[in-house]
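Heads up: the structure comes next, in structure tokens.
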Amino acid sequence: MTQRASKLVIVTEKVLQKQIAKIIDEAGATGYTVVDAGGKGSRNVRSSGRPTVSDNFSNVKFEILTPNRDMAVKISDEVAARYFDNYSGIAYLCDVMEVLHAHKF
Amino acid sequence: MTQRASKLVIVTEKVLQKQIAKIIDEAGATGYTVVDAGGKGSRNVRSSGRPTVSDNFSNVKFEILTPNRDMAVKISDEVAARYFDNYSGIAYLCDVMEVLHAHKF
Amino acid sequence: MTQRASKLVIVTEKVLQKQIAKIIDEAGATGYTVVDAGGKGSRNVRSSGRPTVSDNFSNVKFEILTPNRDMAVKISDEVAARYFDNYSGIAYLCDVMEVLHAHKF
């Protein structure tokens, strides 16, 4: 009854939220979760010129369940190619998820 | 010293937060973490009739560590049976967690 | 092109946020993500004397990607030794992450 899945996590700047949601949709993923996040990355400054470590949670974290690794890598490649030269960001993957219940996946 | 664990993730509508916390407690889990979340699911509209993609973070994401897969599946089954016909929601599992430090687990 | 990684998750009280960020930095991790969180743990009360289950999201959840398990365990051990006798907290690890894109990792 359950189904294996990959979970792609993308943490990046909040200003990119709509553009990244569009990339996820276009790749054919059925959904995603997004939360406000703060944090620190390997760059010393963000695109805004403010320090990377901020208290105001100006990052977002996307979590996208995909039916296979290929779709996750495709989304990640697209986001990185378009934005990670100029914006803070990281994308990582966990391949061992198991979907127990979903309307459609 | 460490202990294997399963991590159950449930993303659903915020109005269900208290009911789901109760199900988790009754299943015998020692704790959970909950964060506000936004996102998009496979349904076009939510139970509220508003569009699924919302900026106001009207979802919640539960993360529950359980000592075994059975407890996680029991919680997931109960939540899905009670609520997923009428509310947006997804439940998925990761079986490869390792608890390093906890007061009690 | 991708790189294996461990993901350390620490959920604890928000008052410890700066101290834990310092421990992460000193361990040599290149970054972390932090989100506000609520929840319930195995203790009945928190250090503040308020009930553990709270609506006001007075916990934080750190997620730290590390290039190996040793760095994750070192951070976890340090945080637990300093704070988990007196504050609510849990630390757990997932060893099967794969970093797809990052400025530096």
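The values are calculated or read from the model by the stated rules, or taken from the named source; none is laboratory data. Note that the coordinates shown come from a computational prediction; the quantities given were computed from them, not determined experimentally. Here the Cβ positions follow ideal geometry from the backbone for every residue, glycine too, while neighbour counts run over all protein chains shown.
Miscellaneous remarks
- Residue in region C:38-65 that is modelled with the highest pLDDT, counting only those that are within 11 Å of chain B (Cβ to nearest Cβ), closer than 22 Å to A:K61 by Cα and over 12 Å from the mean Cα position of the chain (by Cα): C:G38
- Residue in region C:2-28 that is farthest from the chain's Cα centre (by Cα), counting only those that are within 12 Å of chain B (Cβ to nearest Cβ) and among the polar types (S, T, N, Q): C:S6
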